Amino acid sequence: MSGPIMLALQAAGSLAAIGLLVGLARTMKLGGDVRIRDEDHARILADEAIFGFDPVDVGLDRARIGAILRDAAGRVLLVRRHGSHFAARQLLSHDGVRLDRQFLSITTEDRNFGTVTLDLGPEAQAWAASLRRLPTHARAVAR
């Protein structure tokens, strides 16, 4: 076979293989746009992160990519999207909390978790004020 025909066959084979992989990924429900569906979903994610964490307050990001939750004992949990899953960290201090209008930015003590900015709308101010009840870093470390 001549050069151009071989190149065309190789390109067609590559495209067919890519199409097969896309179909397989869809069948296995891999990837996609993962979001927190509602408050109940956020509660499930919190319980998966810390067994028995039963939120009494839930703040959902407007884009549904993160949430902040508080239980009756005053523990606060931050949930954020991490790829096609969710990751969560308990907030131990209010040191990394910043309010900018309707956006609450939170940096946890875990540097790998990164900073999370939640668009909480009008609830952002109430959440920021309530997070001041958490200890400062110095008191959190002394525990």
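No value in this document is a laboratory result; all are computed from the given coordinates. All of these numbers come straight from a predicted model, not from anything done at the bench. Positions of Cβ are backbone-derived with ideal geometry, glycine not excepted, and every protein chain shown enters the neighbour counts.
Across every pair of non-identical alpha carbons in the chain, the mean reciprocal distance, once inverted, gives a Kirkwood radius of 17.5 Å. For the residues 91, 21, 69, a GNM of the chain with alpha-carbon springs under 10 Å puts the largest fluctuation on 21.
Order of 5, 68 from fewest to most other C-beta atoms within 10 Å? Intermediate values should be presented prior to the final figure.
On the way: 5 9, 68 29.
With the sparsest Cβ surroundings first, the list reads 5, 68.
Taking a sphere under 10 Å around the Cβ of residue 76 and counting the other residues whose Cβ falls inside, with K and R at +1 and D and E at -1, yields a net charge of +2. Ellipticity at 222 nm from helices only: DSSP H runs of n ≥ 4 in the chain, each -39500 (n - 2.57), divided by the residue count, give -11000 deg cm²/dmol. For residue 49, neighbours were defined as the other residues whose beta-carbon sits under 12 Å from its Cβ, and their charges (Lys and Arg +1, Asp and Glu -1) total +1.
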